[in-house]
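The structure appears below as structure tokens.
The values are calculated or read from the model by the stated rules, or taken from the named source; none is laboratory data. This is a predicted model, so every value here is computed, not measured. Cβ placement follows ideal geometry from the backbone for every residue including glycine, while neighbour counts extend to all protein chains displayed. Quick note on the areas: whole protein, heavy atoms, side chains included, nothing else; ligands and nucleic acids left out. Shrake-Rupley method; radii C 1.70, N 1.55, O 1.52, S 1.80 Å.
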Amino acid sequence: MSAIETLRLAADEAGIGRAAALLREGGLVAFPTETVYGLGADARNGRAVARIFEAKGRPRFNPLIVHVPDLAAARRIGVIDGSAEVLAEAFWPGALTLVVPVAEGAGLSDLVTAGLPSVALRVPEHPLAQRLLRDAGVPVAAPSANPSGRVSPTTAEHVAEGLSDRIDAVLDGGACPVGVESTILGVFDGAPRLLRPGGLPVEALEACLGAPIPEARPEAEGIRAPGQLASHYAPSVPVRLDALSAEPGEKLLGFGPVAGDLSLSPSGDLVEAAANLYAALRRLDALGAGAIAVAPVPEKGLGRAINDRLRRAAAPRG
Ligand code: TXA
Ligand code: MG
């Protein structure tokens, strides 16, 4: 693929206008959301969406999340009723992605849904994402803006490190406040199922519905869920979990009482830890560690998303 010059656009009127125009013209634009940076393209434009897969080196079977500015725009793409509607009204805009049946006349490229009868919809809360989506006026398909299988970007610099000369522009909004990807729920059969823990704690969703939300079992239910690829979200060196100290050659990523070479959160705050996770993995990777050991992180609130990403980072590489 031929190199293109990647524009760095500022978070002002001109930058947002340029980014929106590029999206309408079929360009690839990375933009900040509250979770991680997304790599956006017009979800109705097959050529533009195909360029996302090319730029990321991503396997084609993985469907993409469609980003829209509000519930009204989401309803033009997906069928949102029952518990999906309750959750959308309570948590959008925010770090929640809902997988629902595709609406008639949605007009999406088949590449976005990977031919599935369902679509993943997200209304991001980040003010720049909101302005960009409103200005662009098209539904925006966007995976995380990293080469496939690598750690998601939480700054414009991270995006440039992975995708420079492969995409048209990066809209620079500084660091993403949440730091891990959105929580994904499937609600295509009336019953909500957790497809991916993420930036919105599952406990909050369960409290809203007044019912537990079981995890989807992709193999049993024939759902194409995230993380079919066992190794995902991976730094370039091996990762070892639940470590209290470093073995020779390892760098230790701490949490709470385990100080480590670098800490996700010295005070044991899971929100701070999520926000620091990907940048910390990149820093330890860049320090030339032979391997990364990670201190135990509690399996609650954002800890569920953090542990999910760490387990994938630790999985054998395919
Ligand atoms: O926070 C986020 O969710 C970020 C920002 C950019 O919005 N996006 C993100 O996208 O993490 P991505 O592509 O890295 O992960 C989306 C996941 C994929 O693993 C995909 O398998 C799943 O969503 N997905 C998308 N459409 C689906 C569908 N119709 N059914 C089941 N899973 C779906
Ligand atoms: Mg991703």
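Structure notes:
- For the chain, projected area of the alpha-carbon convex hull averaged over all directions, nm²: 15.4 nm²
- Accessible surface of the range 7-221 [probe 1.4 Å, protein heavy atoms]: carbon and sulfur percent: 51 percent
- Per-residue ³J(HN,Hα) for the range 62-72, Karplus 6.51 cos²θ - 1.76 cosθ + 1.60, θ = phi - 60°, Hz, x for Gly and Pro: 7, x, 10, 7, 9, 9, 9, x, 7, 4, 4
- From phi via Karplus (6.51, -1.76, 1.60), per-residue ³J(HN,Hα) for the range 4-10 in Hz, x at Gly/Pro: 10, 7, 8, 6, 9, 9, 7
- Accessible area expressed per residue, the chain, with surrounding protein chains retained (probe 1.4 Å, Å²): 40 Å²
- Relative contact order %, the chain, counting alpha carbon pairs below 8 Å whose residues are six or more apart: 20 percent
- Longest exposed-site-free window of the chain, the sites being trypsin sites (Lys or Arg not before Pro) in a DSSP loop that have at most 14 other C-beta atoms within 10 Å: 77-299
- Low-density loop cleavage sites - GluC sites (Glu not before Pro) in the range 78-118, where at most 10 other Cβ are within 10 Å (DSSP): Glu104
- Helical content alone sets the calculated 222 nm signal of the chain at -9000 deg cm²/dmol, taking -39,500 (n - 2.57) per DSSP H segment of four or more residues and averaging over every residue.
- In the range 233-318, GluC sites (Glu not before Pro) in a DSSP loop with at most 11 other beta-carbon atoms within 10 Å: Glu299
- The loop-placed chymotrypsin sites (Phe, Trp or Tyr not before Pro) in the range 18-80, going by DSSP, that have at most 16 neighbouring Cβ atoms within 10 Å of their Cβ come out as Phe61.
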